[in-house]
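*Asks:* Got a structure for you, written out below as structure tokens; questions coming shortly.
The values are calculated or read from the model by the stated rules, or taken from the named source; none is laboratory data. Since we're looking at a predicted model, the values are computed, not measured. Methodologically, a virtual Cβ is constructed for each residue, glycine included, from the backbone with ideal geometry; neighbour enumeration extends over all protein chains shown. When the accessible area is computed, the model is the full protein with side chains, heavy atoms only, and any ligands, DNA or RNA have been set aside. Shrake-Rupley method; radii C 1.70, N 1.55, O 1.52, S 1.80 Å.
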Number of protein chains: 2
Amino acid sequence: MALRHAVLAALLVGDGGDGGDSGGRGEYSGYQLAKAFDIGVANFWHALPQQLYAELAKLEQEGLVAGRQVIQETRPNKRLFRVTDAGLAELDAFAAASSKPSFIRDDLLVKVQAADSVDTGPVIEQLEERASVAEAKIQLFGKVLGKMRGELDEEEFLRRGERVGPYLTCLRGLALEQENREWSMRVAAVLRERRAAHVER
Amino acid sequence: MALRHAVLAALLVGDGGDGGDSGGRGEYSGYQLAKAFDIGVANFWHALPQQLYAELAKLEQEGLVAGRQVIQETRPNKRLFRVTDAGLAELDAFAAASSKPSFIRDDLLVKVQAADSVDTGPVIEQLEERASVAEAKIQLFGKVLGKMRGELDEEEFLRRGERVGPYLTCLRGLALEQENREWSMRVAAVLRERRAAHVER
DNA sequence: GGGATCATGTAACGCGTTACATGATTCT
DNA sequence: AGAATCATGTAACGCGTTACATGATCCC
């Protein structure tokens, strides 16, 4: 039961892109939240849109978020959610409680683990694909970080910027993707060379 | 339904520590497998012992692994499992199929994301704890890698070693934990400084 | 005209987590 | 004497995934 906290933390970050600062706490629709979970939040949590809609409904029932209807003419209507005081209190309690160890699940690593017993051809392709996806994310995160820190340099921003949480988690995501790219390329090269050596015999 | 593949890949690695090479494919008891999932395999998959016992039973029913009873006198009896040819075929098909993108879930990152809205005291403590756990893993992985490559240096081993899969995934784990340590220490320092600056006012 | 984007869900099923259950031996 | 290790599960519940459902605008 920790998706709720990921949702609360993501909601806090701020405006869903409509411009217009809503005063510290952000407002997101389910749809916008799902997008956030696809990009930045994906660095530390993964969830499908259906889950988010369901979770938002539950959080609203419990009073941890408040939704308001926004009628649109050219677009379907939507509901925007913001974190309530009770939601903040819940997050605070969560932050103080001990964390479960993080966990990872990665199909591609399972395949590499078994690389000595399976055909490595498709695995090499997937590693190269992974490297290029990582590269794209690196580019993206670079831009996102630049936008967040504005005109300050990183050190300055982290000392005096007013909202550093998302910046810090994004830094982690950046480092992760860089490692991802390096490792994928390295492993692809190793497996390619071993394939070549194998054919020679 | 991919835990099965993680289990198969983990079983392949080799002997469960009893000494005595069992000829290429390894043998593990559920208990030993659970330990492996706690250490090395935890780099790319996470599962609880109960899940492993259940999964082994299912895999056996489907003929992907074969179990044999080992009667012990001073210890409770145990069942050792090895991957069958059908199991290998299943793994091979898995390796060739496209991977789902990897995913992470990390409570601590959720807390850092919310760092601007919650009390950072406990979060800083948890970051420091995380850094020291990462340090311990770094030490451990260093030793494990050294053991696997024996007297060869890394480049040599990766070219000519006979089993490199587990080595490569362990390298990923090592890099991950190094990043983990660096990032945790950095973030703890940033949040500590901001706390201090906050108190001064 | 076709595909992407905006927008929100329902329903079924299965996997994963939490809690419980047992019991002998070895180490501190 | 108490804690840790070895060893294997069962049962209940809830979360997460897959598949399905709808429908209007915007862009190429």
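*Asks:* Give me the 1.4 Å probe accessible area per residue for the protein assembly as shown, excluding ligands and nucleic acids, in Å².
*Replies:* 52
*Asks:* My understanding is that a pair violates if its Cα-Cα distance is over 28 Å; which of A:K137/B:K35; A:K78/A:K100; A:K147/B:K111; A:K137/B:K111 do that in this structure?
*Replies:* A:K137/B:K35; A:K78/A:K100
*Asks:* While we're on this one: Heavy atoms of the protein only, probe of 1.4 Å, neighbouring chains included. What is the accessible area of B:L64 in Å², nearest 10?
*Replies:* 10
*Asks:* Along Cα→Cβ at 7 Å, what distances in nm separate the B:K35 label point from those on the other copies, shortest first?
*Replies:* 5.1
*Asks:* Springs between alpha-carbon pairs under 10 angstrom, Gaussian network model over chain B: which of B:G165, B:G173, B:G67 fluctuates most?
*Replies:* B:G165
*Asks:* What gaps in nm, shortest first, separate A:V199 from its twins in the other copies when you place the label 7 Å past Cα toward the beta carbon?
*Replies:* Counterpart label points of A:V199 in the remaining copies fall at 6.5 nm.
*Asks:* Hey, another quick one. Averaging sequence separations of C-alpha pairs under 8 Å and six or more residues apart, then dividing by the length of chain B, give the relative contact order as a whole percent.
*Replies:* Dividing the mean separation by the residue count of chain B yields 18 percent.
*Asks:* How high is the relative contact order of region B:3-96, in percent, counting Cα pairs under 8 Å that sit 6 or more residues apart?
*Replies:* Details: 124 pairs, mean separation 27.4, N = 94.
Averaging sequence separation for qualifying contacts and normalising by length gives 29 percent for region B:3-96.
*Asks:* Taking both sides together, what accessible area is buried at the B/A interface, probe 1.4 Å, expressed in Å² and rounded to the nearest 100?
*Replies:* Answer for the B-A pair: about 6400 Å² buried.
*Asks:* Out of all Cα-Cα pairs in region A:1-126, roughly what percent, to the nearest whole number, are more than 26 Å apart?
*Replies:* 34
*Asks:* Just to confirm the numbers: A:E125, label point 7 angstrom along the Cα-Cβ line, distances to the other copies in nm, shortest first?
*Replies:* 5.2
*Asks:* Which of the residues in region B:100-124 lose at least 40 Å² of accessible area when you go from the chain alone to all protein chains together (probe 1.4 Å)?
*Replies:* Listed by number, the residues meeting the 40 Å² cut-off are B:S102, B:F103, B:I104, B:R105, B:D107, B:L109, B:V110, B:K111, B:Q113, B:D116, B:S117, B:V118.
*Asks:* Just to confirm a number: summing +1 for Lys and Arg and -1 for Asp and Glu over residues other than B:H46 whose beta-carbon lies under 11 angstrom from that of B:H46, what do you get?
*Replies:* Working: positive: A:K100, A:R105, B:R105; negative: A:D106, B:D38.
Result for the local shell: +1.
*Asks:* Taking +1 at the Cβ of each Lys and Arg and -1 at the Cβ of each Asp and Glu, which of B:L152, B:F37, B:P122 sits farthest along the dipole of chain B towards its positive end, judged by Cα position relative to the Cα centre?
*Replies:* Positive-most Cα among the choices belongs to B:P122.
*Asks:* Calculate the spin-label point distance for B:D85 paired with B:A66, positioning each point 7 Å from the Cα along the beta-carbon direction, and give it in nanometres.
*Replies:* If labels sit at B:A66 and B:D85, their model points lie 1.0 nm apart.
*Asks:* Given H placed 1.01 Å from N in the peptide plane, which residues other than close sequence neighbours of B:V65 have an amide H under 5 Å from its amide H?
*Replies:* Those lying under 5 Å, H to H, from B:V65 are B:E60, B:T84.
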